[in-house]
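The next block holds one structure in the form of structure tokens; read it before the comments.
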Amino acid sequence: MMCAPAEPRPLAQHASHHPATLGPVSLYVHVPFCVLKCAYCDFHSQPFCDVSPEEPEHFAWAVGEAARHWAALGVLDDVLSLYVGGGTPTTLGDGLTGSIADLCAIANMRPGAEITVETNPDTSSPELAARLHASGVTRFSVGVQSFDGADLRVLGRCHDAQAAERAVRELVATGARVALDLMCGVPGQSLASWQATLERAVATGAGHVSVYPLTVEEATPLAHHVATGALPEPDPDAAAEMMERADEVLADAGLARYEIASYAREGEQCVHNLGYWTGRPYIGLGPSASSMVPVAAFRAAAASESWADPSVVGVGRVIVDVPADAARVRFTHAADTVAFIRTATGAPEEVEYLTAEEALREDVVLGLRLAEGVAADLAERAGVVDALLRLEQQALVERAGGRWRLTRRGWLLGNEVFAEVW
Amino acid sequence: MSDPTHIRNFSIIAHIDHGKSTLADRILELTHTVADRDMVEQVLDSMDIERERGITIKAQAVRVLYEAADGETYQLNLIDTPGHVDFTYEVSRSLQACEGVILVVDAAQGVEAQTVANAMMAMNADLEIIPLINKIDLPAAEPERVRHEIEEGLAIPADEAVLASGKTGEGVREVLEAVIRRVPHPVGDAAAPLKALIFDSYFDAYRGVVALIRVIDGTVGANMKVRMMATDVVTDVEEVGVRRPANTPVEELTVGEVGYLITGLKDPALVKVGDTVTLARHGATEPLPGYREVKPMVYTGLYPIDGDQYPDLRDALDKLQLNDPALVYDPESSHALGFGFRVGFLGLLHMEVIKERLEREFDLDLLATAPSVEYHVYTTKGEKVIVHSPQDMPEPGHIERVEEPYLKATVLVPPDYVGQVMELAEGRRSTFKDMQYLSATTVEMHYETPLSELIMDFFDQLKSRTRGYASLDYEYIGYRPSNLVKLDILLAGKPVDALSFIVHREKAYARGKVLTEKLREIIPRQMFEVPIQAAIGGKILARETVRAKRKDVLAKCYGGDITRKRKLIEKQKKGKKRMKSVGNVDVPQDAFMAILKVDE
Ligand SMILES: Nc1nc2c(ncn2[C@@H]2O[C@H](COP(=O)(O)OP(=O)(O)O)[C@@H](O)[C@H]2O)c(=O)[nH]1
Ligand code: SF4
Ligand SMILES: [Mg+2]
């Protein structure tokens, strides 16, 4: 089934609700299933073996319901990107193709919209990849993490280096764009093996690479191994060196860094992720997924019947009482899959209100993650120029061409910058 | 009911955790002093900090009425006392209000160091001692061995020792009968002018100073005019009463009775513990002996983290000092920490307790510097300088000699651990004096030890090296010359006064090295490299470096992460605020105490 961008819907249909200033939005779907849990993972996902057989189907239905709810409010009238992440969406197999097609029918996808599906080497097959591509998926993001067997074992991944390499090449062969995730600072990882991983990543032909230093999250098996001394604690200095090495190797291969963790060939930057760093509204569907919209869109949703109906909402409901000075709202749905299925069209579980000023500061913080940085006038409107000047003195940010951006040192010490500005 | 022959005043004394407070609970129950529904464990430990730590810090007086086997009803005034060595003076004060004691000894632990120390105090005060072997319900109880230890080690006849359990209540009636039979009733002259000893006091926000008194001669009641003999103030009595354990007013207190006295005086300094209360007119001419002044043993700098709290800290110290005469303080200032106080304590537990009470009861945020003892420095000009803080140490060139306080330390330990104790003591500049067997299972060892060594986690080390079996008691013996030097700690090249300390010259190198290492672990990485140095008068002994922070960035930041990451950064910011900024180095509070945790 081909997912052709739907005909633009007549806007008048939603005139009563439509928040005039919404503009283009991004759509995210969180698929909370994986084959097995990785040792470092604290994302919301369940190993597939623990999931009841009907749950994926109910989940897909709930996502559709939630999407319809937002579409009815006019929030999905101009969708620039769809990102199906997780978890591991490809655990849904062929069902995934149908779900994506449904979403494309519900939302008003802009012609040429970016549609990304996350996948892992252990759930990827050439057949599934081809079918997804044929049904409109333009981009695959693969959790490779490393091309070194020892790293993969420390990380508790379900695949070896060969499988990862094969999977990436198969995905590249579909003609879709391909992105890889890599991890540095893994206990035991050497600079040489990291370099080899980077080179193998480049050799696959993938046009996008993300580089994350490993963080030890509480209550994960990795945390336990570190606490008991079975594994050494990740060394932040080693990770720093590896991040700089990634910058060099990837730049040489034509993948330019465009964000703290993201590298891409010209034209292959992730449209969806760029949205997060430039203040574009997004709607997240699925357990623990977050959405961010201007307050008008949130008020429209809050006025909807299903947010008010306690039988739809079930547990953990936040009674929506919007502060007068709110300009932007971020909210998150139930983290539990079963709870999400029950409450998909209900009020969110957690809500965060930002004033206009807070929203501007957040735009600066997130914008500074980008290589291009933020426009000087945005910084001025956000009232953070003094902070930036202080940071400039510490050589963490610099000014160029009417914009503020991180320095090479600032790339590694981003938190110092964000703490000053936020 | 105030016939002195029907009054018995006694304290419950013991080594810590042998069950004094629990026994007091049982006595309160047996005598229906506290209604069943109000009964909690260790009911007399009323401070939050006592309840949390399960220890008694303040002695507590309570009156109970007991119907004895002879059919008569007796008024018992019992005082539950603390067992920790830091609070020995609380015990000694309580004893002066009594004619007898119940000496509680744990049937499994046997005689320990504070058992000996407290028993000695009771003997010196000529009090009747009733030994009670407690916790006989424990499977590990060995009452016969303990009976033997009491007789051999303390020279107290124990054939009549009461076997009891504060848990089951067994033996409680029996010990009260023994109190009635053996503890002498108070004697005094009801017709003589009032003489009452203030053995404790506290501040009540509504009533002012409340004094706890023991009447020796005469009678005191509301509306009388009384005089505090030492401070020579005259005031009206607003109320007298007894503690059951809540304050309960009575018309008067007479010979032998224990109770409280409220005068409306609001100034703590006017109502001194140890003073004698008498009548304003035709009063007594000779005060009671009073108390030997307690002298602080250790001194530490206490600084408000927020400089604006300095006046609040002073008020809080004033209030706490009221019923804690062992607490002394003087203003002090530090380049690194600003304005604070140099505060003297009886020991480290006392220090911890006071700091915690200041923080909780007065809502202060405090930073404490490493404790120091009182050094006597004799200068080349022939002056004697009292030094409570390393900052006050004269220049090395001006020092003729330094003297430091020594203690006689008594350690009680099973014979198997004698070697471990010796090893520890040797490393702490201690001189072995003698040892003797109290019983086949307990050895008493005596050392002469500099106090400054004892306050460096000596007790923790002793406990851990003897698997918890050793107990320690000490008393001050005097000042002795020592080869002491001031060790400076420099952060980023600048000496930090609040981190300097005084140490024996031979240990300076080792301590400096371990301390710089410890500080390297404690001080977080900053945006620039921070050298940490230990030096004596400009000569560097040890150096460590906190490397500059290279990476601190949240690499992953997509939709759902944003809120979480912002919270994380806010948390980091808060953590930074709680640190002290010294120069431009952020120093966590622990750093100022690091020297205590250094065992080379
Ligand atoms: N098994 C047993 N435990 C007891 C007995 N008396 C006290 N304890 C426990 O011993 C600990 C110390 O008791 P506490 O009364 O606070 O001792 P204090 O420090 O002497 O006042 C507490 O945990 C009590 O519950 C007893 O007779 N038998
Ligand atoms: S594949 Fe990704 S989401 Fe799934 S367990 Fe591993 S790290 Fe977590
Ligand atoms: Mg007690």
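The values are calculated or read from the model by the stated rules, or taken from the named source; none is laboratory data. Please read all numbers here as calculations on a predicted model, not as lab measurements. Quick reminder, even Gly has a Cβ in these numbers, built from the backbone with ideal geometry, and neighbours come from all protein chains shown. When the accessible area is computed, the model is the full protein with side chains, heavy atoms only, and any ligands, DNA or RNA have been set aside. Shrake-Rupley method; radii C 1.70, N 1.55, O 1.52, S 1.80 Å.
How far is helix B:418-427 tilted off the main Cα axis of chain B, in degrees rounded to 10, range 0 to 90? With both axes taken from Cα atoms, the answer is about 50 degrees.
The B:R480 and A:A134 beta-carbon pair, evaluated with R₀ = 60 Å, returns a calculated FRET efficiency of approximately 0.05. Working from label points 7 Å from Cα in the Cα-to-Cβ sense, the B:A269 to B:T5 distance is 4.8 nm. Judged by the mean number of other Cβ atoms found within 10 Å, the most tightly packed of the peptides A:164-172, B:153-161 leads the ranking A:164-172, B:153-161.
Compared with the dominant principal axis of the Cα atoms in chain B, helix B:505-522 is inclined by about 80°.
For B:S11, the residues whose modelled amide H falls within less than 5 Å of its own, excluding neighbours fewer than 5 places apart on the same chain, are B:I79, B:G100, B:V101, B:I102.
For the chain pair B and A, the interface hides roughly 2900 square angstrom of accessible area in total, found with a 1.4 Å probe.
Accessible area per residue for region B:298-368, computed on protein heavy atoms with a 1.4 Å probe, is 38 Å². Label separation (B:M39 vs A:D321): 4.6 nm, computed from points 7 Å beyond Cα along the C-beta direction. As a test of the formula, what do you get for chain B when each DSSP H run with n ≥ 4 contributes -39,500 (n - 2.57) and the sum is divided by the residue count, at 222 nm and rounded to the nearest 500 deg cm²/dmol? Rounded to the nearest 500, it is -7500 deg cm²/dmol.
Accessible surface calculations at 1.4 Å, restricted to protein heavy atoms, place chain A at 39 Å² per residue. Other protein chain C-beta atoms within 10 Å of residue C-beta, averaged over B:173-179: 0. Helix B:113-124 axis versus longest C-alpha principal axis of chain B: approximately 40°, rounded to the nearest ten. Membrane-span-like helices in chain A, defined purely by DSSP H runs whose alpha carbon atoms cover 27 Å or more axially and whose average Kyte-Doolittle hydropathy reaches 1.6, do not occur. Accessible area per residue for region B:195-279, computed on protein heavy atoms with a 1.4 Å probe, is 37 Å². With all protein chains in place and a 1.4 Å probe, the accessible surface of region B:473-600 carries 50 percent carbon and sulfur.
For the residues of B:561-574, the average number of beta carbons from a partner chain within 10 Å of their own beta carbon is 4.
The lysines whose alpha-carbon is closer than 17 Å to the alpha-carbon of B:K494, local same-chain residues fewer than 8 away aside, are B:K486, B:K539, B:K580. Residues considered: A:S52, A:S146, A:S290. Largest GNM mean-square fluctuation over chain A, using C-alpha springs under 10 Å, is found at A:S52. Each Lys and Arg adds +1 at its Cβ and each Asp and Glu adds -1 at its Cβ; summed about the Cα centre, the protein assembly as shown shows a dipole of about 2800 debye. With the charge dipole of region B:298-368 set up from +1 on Lys and Arg Cβ and -1 on Asp and Glu Cβ about the Cα centre, the Cα lying farthest toward the positive end among the listed residues B:F341, B:L358, B:L327 is that of B:L327. The mean number of partner chain beta-carbon atoms within 10 angstrom of a residue's beta-carbon across peptide A:230-243 is 2. Round to a whole number: what % of the accessible area of region B:298-368 belongs to carbon and sulfur, probe 1.4 Å? Whole-percent figure for carbon plus sulfur exposure: 45.
Solvent-accessible area of region B:4-182 (1.4 angstrom probe, protein heavy atoms only): carbon and sulfur portion equals 46 percent.
The spacing between region B:373-431 and region B:495-561, judged by their C-alpha centroids, is 27 Å.
Could you tell me how far the Cα centroid of region B:180-223 sits from the Cα centroid of region A:53-112, in Å? Comparing the Cα centres of region A:53-112 and region B:180-223, I get a distance of 83 Å. If I take all pairs of Cα atoms in region B:416-474, what percentage of them are more than 16 Å from each other? Summing the P(r) of region B:416-474 above 16 Å gives 38 percent of all pairs. Only one residue of A:L96, B:G241, A:G410 has its Cα farthest out toward the positive end of the dipole of the protein assembly as shown, where Lys and Arg carry +1 and Asp and Glu -1 on Cβ, and that residue is A:G410. Summary of the geometry: region A:152-177 and region B:432-464, compared by the centres of their Cα atoms, lie 66 Å apart. Beyond 27 Å, how much of the Cα-Cα pair distribution for region B:463-597 remains, as a whole percent? The calculated P(r) of region B:463-597 puts 41 percent of pairs beyond 27 Å.
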